[in-house]
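Asker: This is the structure, below, for whatever I ask next.
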Amino acid sequence: MLNGITGLAINHVDTIGKLPEIKLCVGYKKNGKVSMQFSTDADYLADCEPVYETFEGNFGDISNAKTRDELPEKAKAYLNRIEEVVGVPVKFIGTGAGRDCMIVC
């Protein structure tokens, strides 16, 4: 929010996608209330609890995907939710180890 980010690069989607489930932190619970506010203050964070949403993993081999549309629905759901939470689009998606394993949106 402070830096005016206009796009995200999500790397290692192929690696994350090998997990059976993927957790995405979507907020923090403090004093019974959930908020998107984050602080680097250790005292503030001491009684905060991360709030996670869980996504189905096991995307399969995505290293040959050249467009976002070619990704499995499970991968697209995960990336879509990241965009919703952060409020900016995913512009780069790492799909494998090779230099050409990158989707540019």
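The values are calculated or read from the model by the stated rules, or taken from the named source; none is laboratory data. Everything quoted here is computed from the prediction, not taken from an experiment. Please note: Cβ atoms are built from the backbone with ideal geometry, for glycine as well, and neighbour counts cover all protein chains shown.
Asker: Tell me, which residue of the stretch 89-105 that is at pLDDT 95 or above and out of contact with any helix residue (DSSP H, G or I) (no Cβ under 9 Å at 6 or more places or on another chain) is surrounded by the fewest Cβ atoms within 10 Å (Cβ to Cβ)?
Answerer: 104
Asker: Another question about this same structure. Determine which single condition residue 1 fails, assuming it passes every other condition in (1) of a type in the set (A, V, I, L, M, F, W, C); (2) within 17 Å of the chain's Cα centre (by Cα); (3) modelled with pLDDT of 95 or more; (4) in a loop (DSSP other than H, G, I, E, B).
Answerer: Among (1) of a type in the set (A, V, I, L, M, F, W, C); (2) within 17 Å of the chain's Cα centre (by Cα); (3) modelled with pLDDT of 95 or more; (4) in a loop (DSSP other than H, G, I, E, B), residue 1 violates only (3).
Asker: For the list (1) in a strand (DSSP E or B); (2) buried (at least 16 other Cβ atoms within 10 Å of the Cβ), I need the number of the one condition that residue 14 fails.
Answerer: (1)
Asker: While we're looking at this one, here's another question. Name every residue in the stretch 68-97 that is assigned to a strand (DSSP E or B) and not β-branched (Val, Ile, Thr), in order of residue number.
Answerer: 91, 92, 94
Asker: Could you list, in sequence order, the residues of the stretch 60-86 that are within 28 Å of residue 34 (Cβ to Cβ) and either touching a residue at least 40 places away in the same chain (Cβ under 8 Å) or in contact with a Pro (Cβ under 7 Å, 6 or more places away or on another chain) (or both)?
Answerer: 74, 75, 78, 79, 81, 82, 83, 85, 86
Asker: Restricting to the stretch 17-42, count the residues that are closer than 18 Å to residue 84 by Cβ, among the aliphatic types (A, V, I, L, M) and free of Cβ contacts under 8 Å to residues at least 60 places away in the same chain.
Answerer: Count: 4.
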